[in-house]
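Notes follow the structure.
Bear in mind these aren't lab numbers, they're just calculated from the coordinates by the rules spelled out. Here the structure is a predicted model, which is why all the values come from computation and not from measurement.
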Amino acid sequence: MRVRTVISLSVGMALILLMLILKTDEPARAHTLMVTARFVQSAPTGLDDPSWKTAQAVQLLVEGRESAAGANGTVTTRALYTDDRLFFLFKWKDPTQSITKQSWMFDGQKWVHLKGNEDRIALLFEITRINKFATRGCAITCHSPADAPRKDWKLATKTDDEKGDLWHWKAARSAPYGYADDAWLTVAGNPSGSYRETGRRKDVGAGGDTKNETPDRTRPFYMQDPAIKPSAPGFLLMEEAVKITDYSAFETGDIIPYRLPLKPSGSRFDVKALSRYADGGWMVMLSRKLNTGHEDDVVFNPKKRYSFALAVFDDSGSEHSKATEPMTLIFSR
């Protein structure tokens, strides 16, 4: 009887200990949002593909920062995957479609920049483990202490061993070519062409944009080639641009884009995108191979889970609304 009693007490204590461990772990897990990518045989063909309705919709809360403080909202997120590709569908409210990015306008006497920037959405995944990223999200890489001057802020990891995969969809600069600019994150440095110290690096390949301005920066340098029908109406692609030779041909109110998208290629072109602005908001679909074969990209294994962070930008080049909770991507068949 004593032996049975001791065994019973030991089992009981073990169960109590296990319950305490699980209970202790609950708060941490309760604050991590799970986004489940559902397996489908056929890839979704677009924003309105019926397969999106089979994916669970998750409401990602975003909190405004700096000039956007108080402008909180949600980004509705769905995810699907096939044998070789991952798909995200994002939907969020935005009162204005912002694709100006300081376009040039001729006021009758001189060229001036219009006010306005662009709408954007950015995702950050771990390529290798980033310390505390799973519990603190982008705050561990994006934001310096609140008392630090803005010029000293850095987007970077703390060590060379920590690397992130950054997907950056831009309404004015990447959307016209149907992709999200693919970059990666490491320790802060000062790469060629960077205006400040940062840990963001471009993936291998071409892409991005160039400024449309004369050497003295007083007027645009390029215009749409009149012999080429614009492939992206409202935008000016660098490959479709020609140098302006006669400025007298322009009339008051004429507008020419200031930022000219460059044709992407290589690993920088890995993340494909479809987008639409309607009914006061954006819908953006991003997709990428599970394994691109490139060292500057995260490899998605459906048997694993991945921490990630999200931010949206409303007519902004820097101020943004970030996800308020850590998020994890999981795969389900």
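Computed quantities for the displayed model
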{"read-out": "Set of aspartates and glutamates with alpha-carbon distance to Lys304 below 17 Å, sequence-local pairs under 8 removed", "value": "Asp83, Asp84, Glu126, Asp165"}
{"read-out": "Length released on extending from Ala249 to Asp160, taking residue separation times 0.36 nm less the Cα-Cα span", "value": "26.7 nm"}
{"read-out": "Calculated from backbone phi, Karplus (6.51, -1.76, 1.60) coupling profile of the range 260-275 in Hz, x at Gly/Pro", "value": "9, x, 9, 4, x, 7, x, 5, 5, 9, 5, 8, 8, 9, 10, 8"}
{"read-out": "Gained length - Ala43 relative to Asn131, 0.36 nm times residue gap less alpha-carbon distance", "value": "28.3 nm"}
{"read-out": "Placed amide H near Ala37: partners under 5 Å, 5+ positions off or other chain", "value": "Ile330, Phe331, Ser332"}
{"read-out": "Qualifying aspartates and glutamates (Cα of each under 19 Å from Cα of Lys110; at least 8 residues distant if same chain)", "value": "Glu213, Asp216, Asp246, Glu251, Asp254"}
{"read-out": "In order through the range 74-79: 3J(HN,Hα) via Karplus (6.51 cos²θ - 1.76 cosθ + 1.60), integer Hz, x for Gly, Pro", "value": "9, 10, 6, 10, 10, 9"}
{"read-out": "Contour minus Cα-Cα distance for Thr214 and Arg85 (0.36 nm per residue)", "value": "42.2 nm"}
{"read-out": "Listed pairs Lys243/Lys322; Lys158/Lys322; Lys170/Lys303 exceeding 28 Å between Cα atoms", "value": "Lys243/Lys322; Lys170/Lys303"}
